[in-house]
Structure formats: structure tokens, C-alpha cells
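Here is the structure we will look at, set down as C-alpha cells.
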Amino acid sequence: MGRNTSVLSFKVQHAFFDFVLISGVLVVYFLVFMGKSVQPERFIPYCLLILLSWLCSIYYFGGYDYQRIQKLSHNFRLVSASCLVAMVISTIFTVVYPGSFDALTLNASTLAFVPLFYLLRLFFTKTVSSRMPVKNVLIYGAGWAGLELIDELRERDYLKFRVIGFIDDDPGKVGKLLKGYRVLGGYNELKDVVEEREVEIGRAHV
């Protein structure tokens with residue numbers, strides 16, 4: 001499975017996970033708390049709107065961006081924003097149907113759901129990310145830009161890039177170990193190294 005296909009699958013799996021988890025919580029909430037006090041013809045539209053608002057908010061705030069959702073802070077922001085939108089919708093329904101919906105109960109339940117959703121989604125992200133294919137990277141240029149790129153890749157290990165080494169046209173650098181990676185040759189050796197190490201992408205300009 002190619003890299004692009006894997007990233008697309010990553011996004012689809014997260015969208016499906018969000019749909020199933022949020023839908024399940026809404027069904028349970030209706031059966032446990034709302035079944036006797038709210039008519040289905042009113043609660044079902046509410047559920048659909050809440051579900052749609054969560055999914056749209058998550059998408060809008062980058063909840064399906066492979067790189068961004070690996071960060072704890074970004075996950076917290078997108079979940080908080082989705083929660084806020086859901087609470088606004090709950091409050092509106094309370095105003096429209098004052099005898100059927102209680103804003104305090106709905107919003108308190110939404111706030112209680114946020115930590116659960118946040119933790120489960122993080123766990124799901126880590127699980128799916130661990131199965132992403134690793135891509136071999138060959139960095140062209142062992143100067144300051146190439147060394148900076150090494151540091152960037154180390155800070156973003158979730159990108160699943162495996163650095164094979166450097167290619168540099170300076171004969172004095174060939175064979176040297178820089179940042180833990182060897183300079184494998186110059187431009188003339190590039191083709192051989194790419195074929196031998198199964199390199200798919202990787203270049204840094206100096």
C-alpha cells in the first residue's frame with residue numbers, strides 16, 4: 001500500500017471512528033436519560049445535528065490532518081472547539097423546545113464526554129499511526145540545511161521517515177558520520193544508493 005493511500009486510509013479510519021463513537025454516545029444518552037422525556041421526532045433531529053456539528057468541526061479544525069492530529073495540543077483545541085459548537089446547538093434546542101430539552105443537562109453531558117473522546121481519539125491515533133508504512137529518506141546535501149532537516153525529522157517521528165544517509169558532492173564529506181548518519185557518496189553515486197536502499201523521497205538543498 002502506497003504512502004498516499006495509507007494517509008487517506010488514516011483519515012477515513014478517523015472519520016469512521018468519530019462517527020461511531022459520537023453516534024454511540026448519543027444513542028446511549030437517549031436511552032438512559034432522554035427516552036421518557038423527549039419525543040423521538042424531536043430528539044432524532046437534535047442527534048443528527050449534533051453529530052454533523054462534531055464531524056464538521058473536527059474536519060474544519062484539522063482533525064483529519066495526519067501531521068497536525070499527532071500533537072496533543074492540537075487535539076485538545078479541536079475537541080474543545082467541537083464541544084463549544086455542540087453546546088451552542090444544545091442551547092438553541094433548549095430555547096426552541098423549552099419543555100423537552102434542558103441546556104444544563106445537555107451541556108454538562110457534553111463536557112463530561114470531552115475527556116473520554118479526547119483520550120480515546122489519542123489512543124486510536126497512536127494505534128493507527130503505528131501501522132503506517134515507513135518511507136526511506138535520502139537527504140541530498142550534508143550542509144547546514146541537511147543537518148537542520150535531520151533535527152526536524154527527529155522531532156516528527158510520527159511522519160514515519162527513515163533517514164538512510166546523505167548524498168553530498170563534497171569529496172571531503174563522503175564517508176563521514178553526521179548527526180548519526182553517513183554521507184554515502186556524491187551525485188554520481190545517487191542512482192545506485194537510491195536503488196540499493198529503496199529510497200522513495202528525500203532531499204535537502206544547501
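The table for this structure:
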quantity	calculated
Yes/no for F123 being surrounded by 16 or more Cβ atoms within 10 Å (Cβ to Cβ) and on the phi < 0 side of the Ramachandran plot	no
Output for the stretch 93-114, where each listed residue is among the small types (G, A, S) and either open to solvent by less than 60 Å² (accessible area, probe 1.4 Å) or in a helix (DSSP H, G or I) (or both)	S100, A103, A108, S109, A112
Residue count for the stretch 66-75, restricted to those that are open to solvent by less than 90 Å² (accessible area, probe 1.4 Å) and either among the hydrophobic types (A, V, I, L, M, F, W, C) or in a helix (DSSP H, G or I) (or both)	5
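Residue-by-condition table, conditions (1) open to solvent by 40 Å² or more (accessible area, probe 1.4 Å); (2) over 22 Å from the mean Cα position of the chain (by Cα):
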site: R77; (1), (2): yes, no
site: M87; (1), (2): yes, yes
site: T91; (1), (2): yes, yes
site: L116; (1), (2): yes, no
site: T127; (1), (2): yes, no
site: N136; (1), (2): no, no
site: G141; (1), (2): no, yes
site: W144; (1), (2): yes, yes
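The values are calculated or read from the model by the stated rules, or taken from the named source; none is laboratory data. Predicted model, so just to flag it, every value in this text is computed and none were measured. Cβ coordinates were reconstructed from backbone atoms using ideal geometry, including for glycine residues, and neighbour counts include every protein chain displayed. What goes into the accessible areas is simple: the full protein's heavy atoms, side chains included, and nothing from ligands, DNA or RNA. Shrake-Rupley method; radii C 1.70, N 1.55, O 1.52, S 1.80 Å.
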